[in-house]
Number of protein chains: 2
Amino acid sequence: MKLLPFIESSAQRGRSVENSGPVVLSTRIRLARNLASYPFPHRANVSQRRDILSRCFKAVKEMMPETEGGVALEISELSVLEKQFLVERHLISRELSNAEAGAGVYINGDLSCSIMINEEDHLRIQMIKKGFNFKPVWKAINDLDTALERHLDYAFSHEYGYLTACPTNLGTGMRASVMMHLPGLVIAAHMEKVIKAVSHLGIAVRGIFGEGSDANGSVFQISNQLSLGDSEAEIFKKLTAILNVIIAHELGSRQILLESKKSRLYDKLGRAYGILKNGYFVSSEEAMNLLSLIRLAIDLEFLPEKSREQIDRLFMEVQPAHLQIVAGNNFDADERDSFRSDLLRKEFAKFSRLNLK
Amino acid sequence: MKLLPFIESSAQRGRSVENSGPVVLSTRIRLARNLASYPFPHRANVSQRRDILSRCFKAVKEMMPETEGGVALEISELSVLEKQFLVERHLISRELSNAEAGAGVYINGDLSCSIMINEEDHLRIQMIKKGFNFKPVWKAINDLDTALERHLDYAFSHEYGYLTACPTNLGTGMRASVMMHLPGLVIAAHMEKVIKAVSHLGIAVRGIFGEGSDANGSVFQISNQLSLGDSEAEIFKKLTAILNVIIAHELGSRQILLESKKSRLYDKLGRAYGILKNGYFVSSEEAMNLLSLIRLAIDLEFLPEKSREQIDRLFMEVQPAHLQIVAGNNFDADERDSFRSDLLRKEFAKFSRLNLK
């Protein structure tokens with residue numbers, strides 16, 4: 001199986017792709033596209049889905065040079081663990097991991113681009129870069145989309161724009177999102193208010209794994225809800241304005257915590273540090289919540305900036321499939337919690353002490 | 001006010017009195033006695049209560065040489081903080097701390113003996129020694145009682161023995177108890193079963209501060225329920241047999257935890273250690289529960305035996321009144337939790353690492 005060595009080297013390169021800087025971890029754009037001559041995936045039969053997959057893989061491979069180091073994978077050929085690994089890394093959706101025959105994904109060599117085939121639409125093209133900046137991500141994905149369009153006959157209407165399986169994706173077929181780390185708003189219990197306020201402005205707030213997922217580790221995916229009516233540039237502009245307001249609120253919450261609830265904040269950070277250093281049984285969810293607090297401690301300069309990369313890597317590595325792939329073992333939940341805490345204790349043994357002053 | 005310097009030096013000497021060894025921390029006996037010529041305290045008027053107090057203090061002082069360093073205190077002259085301090089040290093009961101005029105306590109120089117006056121009975125004589133051994137405690141309290149009887153006219157009936165305000169104390173007027181540290185039974189969730197089983201055998205199990213108190217830090221006070229019908233020797237014999245069974249169950253529970261739930265046990269111990277070392281906001285109750293786990297870690301040789309004295313001292317010092325007397329300040333609850341965690345972090349900074357292997 002070729003996935004594992006690919007993952008190992010790509011994860012190494014891909015470290016620069018996700019999670020950087022305080023508040024906004026990464027910027028992501030995805031485009032929904034469909035081929036004109038086929039029914040949407042959920043209405044296509046197996047042979048049509050296989051046709052779509054092979055046509056899309058062919059087009060993708062033609063424009064992605066061999067040296068770029070990408071990989072084209074059929075979902076049905078992946079193990080449960082491999083599929084879960086790709087979900088944890090946000091390279092495929094949970095929906096695609098459950099897809100039947102004819103579903104696939106192309107992943108490029110640094111994990112910054114993935115193209116899902118026969119998920120809800122024929123193509124779901126995703127591009128991700130670290131930090132908060134729609135422009136370079138848009139340029140990269142738009143170039144790729146234009147190139148793909150030369151090989152594939154996209155379903156497009158002059159009235160509705162790109163045609164998609166779900167009407168919420170009509171028009172640009174674009175969803176732009178950022179991953180935000182909002183521990184200040186979570187600790188201050190203001191997230192519910194924020195989610196309510198922005199939903200009136202056409203903005204969706206979701207947990208780290210998209211639709212229907214919980215917000216583990218105070219990480220939220222924030223995106224435009226509708227793709228029809230506005231141009232891409234207008235969507236970016238609106239979204240950026242709102243995201244800047246959320247960033248300001250997050251930084252404000254942190255300041256208030258530091259000024260008027262210092263002991264409470266220090267207690268949270270200290271306990272997180274103490275448990276990561278000394279725990280023997282830590283669930284995936286708890287680990288992400290504890291690491292989130294350590295990331296906040298780095299933002300507040302209670303821990304050295306050079307530890308940020310380690311924490312961001314652990315955010316990935318403590319997840320169930322990542323853990324089992326590192327261990328080379330299938331674990332039950334108890335064994336995972338135990339192995340995870342061993343990993344965390346080892347990593348945190350290297351840490352200099354938390355400098356809360 | 002003479003209480004504070006007395007407390008400081010006595011606490012120093014008194015360290016050897018309470019908390020020693022695994023499972024049984026200390027052995028305690030108390031006798032209920034009343035003067036023949038006065039109504040019981042709750043039926044006596046203020047002038048009678050004052051008479052009783054002065055007669056009892058006089059008798060006590062006559063037999064306790066000045067050099068022994070004891071102190072006789074009128075409850076009405078103590079501050080709220082001082083009364084709470086004496087409750088935390090088990091030198092007076094909560095009931096006495098709330099008593100009106102005419103209530104007092106005599107405390108000897110190493111805090112091993114206290115005589116409450118005008119609590120539920122005219123005299124409540126208490127003697128405590130570390131470890132598990134009724135004989136020496138009985139000898140000491142019996143000698144004291146005999147000496148007191150030479151100066152005081154006890155209410156005694158040949159049919160009912162010593163007469164007491166509450167019929168459950170008739171007969172010997174004696175309650176014998178031990179303080180037990182039972183974290184194994186608490187973690188295994190077997191305490192309820194134990195309490196139920198021994199209550200059928202005439203044994204009462206209470207939290208650390210006696211009747212109606214919660215079991216903080218897995219410390220339980222276990223005593224005979226009735227004092228009538230059996231001689232003192234028979235009470236000690238029955239009680240000792242049952243306490244030995246409880247000790248065996250406690251040690252058995254610890255062994256089972258080590259053998260079949262090692263990760264879960266290590267996790268509890270590791271987290272306790274991590275929070276004590278890094279917390280910034282620790283309540284009195286949580287502190288006692290965390291210290292209880294550290295005491296268990298010492299029993300299991302994961303921490304050096306020489307740390308036991310430090311942990312037993314902290315068990316006392318983290319309590320609200322102790323904390324405020326050390327700080328020389330009246331704190332609100334938040335300030336206490338903050339000051340307590342500062343003390344704990346400082347003490348645990350000295351600790352060598354938890355050696356869970």
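The values are calculated or read from the model by the stated rules, or taken from the named source; none is laboratory data. The structure displayed is predicted, hence computed values, not measured ones. Heads up, the Cβs are rebuilt from the backbone with ideal geometry, glycines too, and the neighbour counts pull from every protein chain shown. Ligands, DNA and RNA are stripped out before the accessible areas are found, and what is left, the full protein with its side chains, is counted by its heavy atoms. Shrake-Rupley method; radii C 1.70, N 1.55, O 1.52, S 1.80 Å.
Seen from all sides and averaged, what is the projected area of the convex hull of the Cα atoms in the stretch A:32-97, in nm²? Mean shadow area of the hull around the Cα atoms is 5.4 nm². Only helices enter the 222 nm calculation for chain A: every DSSP H run of n ≥ 4 contributes -39,500 (n - 2.57), and dividing by all residues gives -15500 deg cm²/dmol, rounded to 500.
Write down, largest first, the equivalent ellipsoid semi-axes of the stretch B:59-178 in whole Å, where each equals the square root of 5 times an eigenvalue of the alpha-carbon gyration tensor.
Details: eigenvalues 96, 64, 48 Å².
Values for the stretch B:59-178, descending: 22, 18, 15 Å.
Over the stretch A:3-252, Cα pairs under 8 Å with separation of 6+ residues give a relative contact order of 24 percent. Each copy carries a label point for B:GLY202 at 7 Å from Cα along the beta-carbon vector; from one copy to the others these points are 8.3 nm apart, nearest first. Given a 1.4 Å probe and the protein chains as shown, A:GLU88 ends up with an accessible area of around 10 Å². Ordered from highest to lowest accessible area with the whole protein assembly present and a 1.4 Å probe, A:GLU120, B:GLU309, A:GLU192 read as A:GLU192, B:GLU309, A:GLU120.
Accessible area per residue, 1.4 Å probe, Å², for the protein assembly as shown: what's the number?
On the way: 31450 Å² over 714 residues.
Value for the protein assembly as shown: 44 Å² per residue.
For the stretch B:262-349, the relative contact order comes to 41 percent (Cα pairs under 8 Å, sequence separation of at least 6).
Shown here for the stretch A:205-294: GluC sites (Glu not before Pro) in loop regions (DSSP other than H, G, I, E, B) with at most 12 other Cβ atoms within 10 Å, namely A:GLU211.
Spacing of the modelled spin labels on B:GLU301 and B:HIS158, each 7 Å from Cα toward Cβ, amounts to 6.0 nm. Multiplying the residue separation of B:ALA233 and B:ILE256 by 0.36 nm and removing their Cα-Cα distance gives an extension gain of 4.8 nm. For the set B:ILE247, A:ILE29, the ranking by accessible area, highest first and with no ligand, DNA or RNA atoms included, is B:ILE247, A:ILE29 under a 1.4 Å probe.
Hey, any idea what % of the stretch B:312-357's accessible area is carbon plus sulfur with a 1.4 Å probe?
Whole-percent figure for carbon plus sulfur exposure: 48.
Taking every residue in B:261-269, how many Cβ atoms of other protein chains lie within 10 Å of its Cβ, on average?
Values: counts 1, 2, 9, 5, 2, 6, 9, 3, 2.
Taking the mean over all residues of the peptide, I get 4.
Measuring nothing but alpha carbons in the stretch B:262-349 and taking Rh as the Kirkwood radius, the Rg to Rh ratio lands at 0.98.
Keeping the other protein chains in place, figure out the carbon and sulfur percent of the accessible area of the stretch B:139-265, with a 1.4 Å probe. Working shown, then result.
Working: 3490 of 6220 Å².
The C+S portion of the solvent-accessible surface of the stretch B:139-265 is 56 percent.
Buried surface between chains B and A: roughly 1700 Å² of accessible area, summed over both sides, computed with a 1.4 Å probe on protein heavy atoms only.
Neighbouring Cβ atoms from other chains, within 10 Å of the Cβ of residues in B:274-285, number 6 on average.
Using every pair of distinct Cα positions in chain A, the Kirkwood expression returns a hydrodynamic radius of 21.3 angstrom.
Ranked by the mean number of other Cβ atoms within 10 Å per residue, highest first, peptides B:158-164, B:269-275 order as B:269-275, B:158-164.
Just how many % of Cα pairs in the protein assembly as shown lie over 50 Å apart, if you round to the nearest whole percent? Before the final figure, lay out the partial values.
Details: 92691 of 254541 pairs.
In whole percent, the long-distance tail amounts to 36.
Comparing A:PHE40, A:PHE315, A:ALA155 along the charge dipole axis of the protein assembly as shown, the residue lying farthest to the positive side is A:PHE315, per the Cβ-charge model.
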